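Each reported figure results from applying straightforward, stated rules to the coordinates on display, with no laboratory input. Quantities reported herein were computed from a predicted structural model and do not represent experimental measurements. Cβ coordinates were reconstructed from backbone atoms using ideal geometry, including for glycine residues, and neighbour counts include every protein chain displayed.
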Amino acid sequence: MKLLAKPIDAVVIFVDREQPRPFKFRYTDEEGAAHEMKIDKVLSVREHELPGAKSLVFECQSRRGLDDLRYELRYSLDTCRWLLYKM
């Protein structure tokens, strides 16, 4: 996976006061084209903590054409922002 760390717009679902679950997101690639991707499966969720910065890391999978695409989304608990971290 390639490290990107790009800000994204995300649609999330909250179930019974638990942590947010990403449903779909929109990002802009290097050429400036906007893409929207529905998240088919959340493979794992873990907490990541750096000094002064806590985040939730979601390892996800989506189907694009005939291929399964894996990527990592990060949600910063301090700033409430989403990042497409790896793809």
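Please enumerate, by chain and number, the lysines with C-alpha under 22 Å from the C-alpha of Lys38, excluding those fewer than 8 residues away in the same chain.
Lys38 reaches Lys2, Lys6, Lys24, Lys86.
Less than 11 Å Cβ to Cβ from Leu3, Lys/Arg counted +1 and Asp/Glu -1: what total charge do the surrounding residues give?
Values: positive: Lys2, Lys6, Lys86; negative: Glu72.
So the surrounding residues net to +2.
Hey, rough spin-label estimate for Arg81 and Ser44, points 7 angstrom out along Cα→Cβ, what's it come to in nanometres?
2.6
Test of the criteria: in the chain, which trypsin sites (Lys or Arg not before Pro) are in a DSSP loop and have at most 16 other Cβ atoms within 10 angstrom of their Cβ?
Values: sites: Lys2, Arg17, Lys24, Arg26, Lys38, Lys41, Arg46, Lys54, Arg63, Arg64, Arg70, Arg74, Arg81, Lys86; in loops: Lys2, Arg17.
Sparse-neighbourhood loop trypsin sites (Lys or Arg not before Pro): Lys2, Arg17.
Counting other Cβ atoms within 10 Å of each Cβ, which chymotrypsin sites (Phe, Trp or Tyr not before Pro) in region 1-73 have at most 13 and sit in a DSSP loop?
Numbers: sites: Phe14, Phe23, Phe25, Tyr27, Phe58, Tyr71; in loops: Phe14.
Filter output for region 1-73: Phe14.
In whole Å, largest first, what are the principal axis extents of the Cα atoms in the chain?
36, 28, 20
For region 1-80, which GluC sites (Glu not before Pro) are both in a DSSP coil and crowded by at most 13 other Cβ atoms within 10 Å?
Glu18, Glu30, Glu31
With a cut-off of 8 Å between alpha carbons and a minimum separation of six or more residues, what is the relative contact order of the chain in percent? Present the calculation step by step, with values, prior to reporting the outcome.
Working: 179 pairs, mean separation 24.2, N = 87.
28 percent.
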